[in-house]
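The values are calculated or read from the model by the stated rules, or taken from the named source; none is laboratory data. This is a predicted model, so every value here is computed, not measured. As a convention, Cβ positions derive from the backbone with ideal geometry for all residues, glycine included, and neighbour counts pool all protein chains shown. Calculation scope for accessible area: heavy atoms of the full protein, side chains included, ligands and nucleic acids excluded. Shrake-Rupley method; radii C 1.70, N 1.55, O 1.52, S 1.80 Å.
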Amino acid sequence: MAGPTAFFSTLKVDMASAALTMSAILEIAMFHNGQNIPPNDRTAELNGLEEALTDGTNLTWTGATFPSYGGQTRAAVSPALNSPTGLIAPSVTTTSFRALEHSFMSCTIGAERPKIGITTNREMGFIAETFTPQQKIDVLDPEINWPGMKFNTATIVVSQYCPGQDGINDPDIGNYNNASETFWWINPGPQGDDAYLRLYIAQSPKFAFGFTGFKGARDDNQVSGQLLFGGNFTCRSPRLSRGLYGFVK
């Protein structure tokens, strides 16, 4: 329907749905890697956090290792490209204040400290079960306007696409299912060109979330179009962030 009798624009709803789908695809890809590791060739995907936040030796949440990053062998410049380990290994089975505190402190150098902790709904529940009421302080992050829980100088927030047991392997948007919960301490650094985490978007307007326009696909009156993205993700300071996995309780 069109005109004043229309309740809503179907086209507007479809375009909004496409934008949300694109956001989900990119967020899921952000937790993965961009390498050819059989049986999955992800060289056309983002070089995400799994690849960036590791030391080249310890397994990541998918059971892989990444001895190099950004074309540079980690061992050749160790520990510059290594995500820290410290007292708490990347694989942790039990949620505890001790595990979060020491993993947080392993990313701390002087005034540089994680600003965000990202985890799953289930792991946030594990944290709530583990912490005492005095330790659980709900806040609204001032920069991203997102509700979370205060932990030292960081805000722990929930992502529905963070890999965990409640995630699914969706053939359309990607795989965010895992046998255990994952947790990520993130230090994005300063804003602007000096940021530690950067999402680069193609300079071509066509691949900067450009819309290809509507095209007829069949011998009928239905049309379709595409939203296109080209770019990559980089982490300039793996030493200041890290990933944890293995949480099952």
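Summary table
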{"read-out": "5 Å-binned pair-distance histogram of the stretch 14-57 (Cα, whole percent)", "value": "6, 22, 21, 21, 13, 9, 5, 2, 1"}
{"read-out": "Computed E for VAL139/ASP172 - FRET, C-beta separation, R0 30 angstrom, nearest 0.05", "value": "0.30"}
{"read-out": "Nearest 10 degrees, 0 to 90: helix 10-30 Cα axis against the chain principal axis", "value": "30 degrees"}
{"read-out": "The stretch 71-114 - convex hull of alpha carbons, volume per residue in Å³", "value": "102 Å³"}
{"read-out": "Distance (nanometres) between label positions extended 7 Å along Cα→Cβ at ARG218 and ARG236", "value": "5.0 nm"}
{"read-out": "Distance from the stretch 105-148 to the stretch 207-249 (C-alpha centre basis), Å", "value": "27 Å"}
{"read-out": "Eligible lysines near LYS115 by straight Cα distance, threshold 19 Å, same-chain separation 8 or greater", "value": "LYS136, LYS150"}
{"read-out": "Placed amide H near ASP141: partners under 5 Å, 5+ positions off or other chain", "value": "TRP146, GLY148"}
{"read-out": "Rule-of-thumb Rg ratio for the stretch 30-87 [Cα; 2.2 N^0.38 Å; N residues]", "value": "1.07"}
{"read-out": "Top positive-direction residue, dipole computed over the chain with Cβ charges, set MET124, ALA24, LEU53", "value": "LEU53"}
{"read-out": "Heavy atoms of MET22 accessible to a 1.4 Å probe, total area in Å² rounded to 10", "value": "30 Å²"}
{"read-out": "Charge dipole (debye, nearest 20) of the stretch 1-156; +1 at Cβ of Lys and Arg, -1 at Cβ of Asp and Glu", "value": "200 debye"}
{"read-out": "Helix-only mean residue ellipticity at 222 nm for the chain, each DSSP H run of n ≥ 4 adding -39500 (n - 2.57), per residue, nearest 500", "value": "-5500 deg cm²/dmol"}
{"read-out": "For the stretch 1-136, diffusion coefficient by Stokes-Einstein and Kirkwood Rh (Cα), 25 °C, 0.890 mPa s, µm²/s", "value": "134 µm²/s"}
{"read-out": "Distance histogram in 10 Å bins (all Cα pairs of the stretch 128-181, percent per bin)", "value": "22, 36, 33, 9, 0"}
{"read-out": "By accessible area with a 1.4 Å probe, ligands and nucleic acids excluded, highest first: order of LEU197, LEU244", "value": "LEU197, LEU244"}
{"read-out": "Spin-label model distance (nm) - GLN160 vs GLN203, 7 Å beyond Cα toward Cβ", "value": "3.7 nm"}
{"read-out": "Förster-model FRET efficiency, 45 Å R0, ALA76 and MET15, C-beta, rounded to 0.05", "value": "0.45"}
{"read-out": "Aspartates and glutamates whose Cα lies under 16 Å from that of LYS12, excluding same-chain neighbours fewer than 8 positions away", "value": "none"}
{"read-out": "With DNA, RNA and ligands ignored, accessible area of THR62 (1.4 Å probe; Å², nearest 10)", "value": "70 Å²"}
{"read-out": "Label-point separation, ALA6 to ALA64 (7 Å along Cα→Cβ), nm", "value": "4.3 nm"}
{"read-out": "Cβ-derived FRET efficiency at R0 22 Å, MET22 paired with ASP193, nearest 0.05", "value": "0.30"}
